[in-house]
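Notes follow once the structure below has been shown.
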Amino acid sequence: LGAGVSPKVPKFMLMPTKLDHLKAKAETAARVVSAYGGSTTALWVGEAGGAYNSGRANATDAFISAFWFNHNLATLATAG
C-alpha cells in the first residue's frame, strides 16, 4: 500500500488494481518453490504489513484494513 504517511493508503486498500499487484508475485514465488524446492518445501509469509513506516492512522489500525488483508490472504492461498 506504500508509505504510511501517504493520504492515499485508505484509497489503495479498496483499489482492486493496486491490490492485484500481489497476484503475479505470489504466482511466481509458488512456481519457483514448486520447480526448485522439492516436495518438502513450503511457501510461507513472515510478515504482511499494509503500509510501511508504522502504517497510517485510522486506516491500517481500523476495520478498513481487513479488506486489503483478506484480499492478500486469499490471493496467497490461491497461489499455493
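Structure summary
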{"read-out": "Residue match in the range 19-35 (condition: touching a Ser or Thr at 6+ places or on another chain (Cβ under 6 Å), at pLDDT 85 or above, surrounded by 11 or more Cβ atoms within 10 Å (Cβ to Cβ) and β-branched (Val, Ile, Thr))", "value": "yes"}
{"read-out": "Filtered residue count, the range 30-51, keeping only those that are farther than 14 Å from Leu14 by Cα and in contact with a Gly (Cβ under 6 Å, 6 or more places away or on another chain)", "value": "1"}
{"read-out": "Hits in the range 30-53 - residues which are closer than 15 Å to Asn72 by Cβ and assigned to a helix (DSSP H, G or I)", "value": "Ala30"}
{"read-out": "In the range 51-80, the residues that are open to solvent by 80 Å² or more (accessible area, probe 1.4 Å) and under 13 Å from Pro7 (Cβ atoms)", "value": "Asn58"}
{"read-out": "Pick from the range 62-77, criterion assigned to a helix (DSSP H, G or I) and in contact with a helix residue (DSSP H, G or I) (Cβ under 8 Å, 6 or more places away or on another chain), ranking: nearest to Trp44 (Cα to Cα)", "value": "Leu76"}
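The values are calculated or read from the model by the stated rules, or taken from the named source; none is laboratory data. Bear in mind the structure is a predicted one, so any value in this text is a computation, not a measurement. Positions of Cβ are backbone-derived with ideal geometry, glycine not excepted, and every protein chain shown enters the neighbour counts. Remember, those area values only see protein heavy atoms, side chains included, never the ligands or the DNA or RNA. Shrake-Rupley method; radii C 1.70, N 1.55, O 1.52, S 1.80 Å.
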